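Just so it is clear, none of the values below were taken in a lab; they were calculated from the coordinates. Model, not experiment: these values are computed from the prediction. Quick reminder, even Gly has a Cβ in these numbers, built from the backbone with ideal geometry, and neighbours come from all protein chains shown.
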There are 2 protein chains.
Amino acid sequence: MTQVKENSTRNYNKGISINNCPVTYVMNKIGGHWKPIIIHQLMSGPKRYSELRKAIPEITEKMLIQHLKQLQTDDLVNREARPVVPPVVTYSLSPLGTDLTPVLNAMVEWAFRAQQC
Amino acid sequence: MTQVKENSTRNYNKGISINNCPVTYVMNKIGGHWKPIIIHQLMSGPKRYSELRKAIPEITEKMLIQHLKQLQTDDLVNREARPVVPPVVTYSLSPLGTDLTPVLNAMVEWAFRAQQC
DNA sequence: CAGAATCCTATACGATACTG
DNA sequence: CAGTATCGTATAGGATTCTG
């Protein structure tokens, strides 16, 4: 089983800097290369696993599953698996995840301004 | 010299996923554990190197310098060194860096809501 | 004061192959 | 379809020491 941890941004000095800073808190939740992209995709509505793969072609299955799990653990994403064959699994943003919309939007706006220059 | 690269978030598949996504673009600029914190500190006004170290006690000098350099390269932060002895170096947000304020603020707001639950 | 240099560890991510 | 498992690499970050 190996119990993959891989909890986003690293944090070696365990005792010291555990989230006194709200910005760090956020980066721990949506930091990394893929999580914001996944959330951004889900912002346009619930998607099945295969739809996410198509929407983000560059991501590997490992990364997608891994970050989806992490996002579930952090209560940003809900997973609904319907017990049929073949399986149908749908991912959607939780209320908390939906609340990230302003953050992502602010990022997108800034990116456009920055790329102008 | 070794030419340290250390350009934020990794990107192995060089040819493929180079910034088609605005969110990725932003994460490349302010991703990682320290950059948002540094920017957040500078949002309250210009600060000297030593002030930054005091404001962010957990950061090592290497990380602080490294990310300050990166932020300069990305035109988010300005560095002003006055040629006196002992040296006086002041860091401040560039206009582009200042434009990140809504992003950071949105993060902080979300963090507070998230930590309530 | 404001850094540079060196060495090291943890982990994020990629590639590929396999499964209920 | 929706995952798991395993191996390998790149890089973020830490600790310590030294300097103009």
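Roughly how crowded by other chains is peptide A:33-45, in terms of the mean Cβ count from those chains within 10 Å of each of its Cβ atoms?
Mean inter-chain Cβ contacts per residue within 10 Å come to 3.
Arranged from highest to lowest average of other beta-carbon atoms within 10 Å per residue, in what order do the peptides B:81-89, B:64-72, A:33-41 appear?
Working: B:81-89: 8.7, B:64-72: 18.1, A:33-41: 23.1.
Highest to lowest by the protection proxy: A:33-41, B:64-72, B:81-89.
Our coupling estimate for the range A:97-103, obtained by passing each phi through the Karplus curve with A = 6.51, B = -1.76, C = 1.60 and θ = phi - 60°, is x, 4, 4, 6, 3, x, 5 Hz, Gly and Pro reported as x.
The phi-based Karplus calculation (6.51 cos²θ - 1.76 cosθ + 1.60; θ = phi - 60°) puts the 3J(HN,Hα) values of the range A:24-41 at 4, 3, 5, 4, 5, 8, 10, x, x, 6, 9, 4, x, 5, 4, 4, 4, 5 Hz, whole numbers, x for Gly and Pro. Computed with the Debye formula from one identical point scatterer per Cα of the range B:54-117, without solvent, the log10 of I(q)/I(0) at q = 0.16 Å⁻¹ comes to -0.73. Can you list residues from other chains, or at least 5 along the same chain, whose modelled amide H is less than 5 Å from the amide H of B:VAL88? Distant-sequence amide H within range of B:VAL88: B:ARG82. Straight-line cross-link reach from A:LYS69 at under 15 Å between alpha-carbon atoms covers these aspartates and glutamates, not counting any fewer than eight positions away in the same chain: A:GLU6, A:GLU61, A:GLU80. The simple Förster model, with R0 at 30 Å and r as the Cβ-Cβ distance, assigns A:ASP99 and B:THR98 a FRET efficiency of 0.75. Amide H contacts for A:ARG48 (H built 1.01 Å from N in the peptide plane; partners 5 or more residues away or on another chain; cut-off under 5 Å): A:TYR91.
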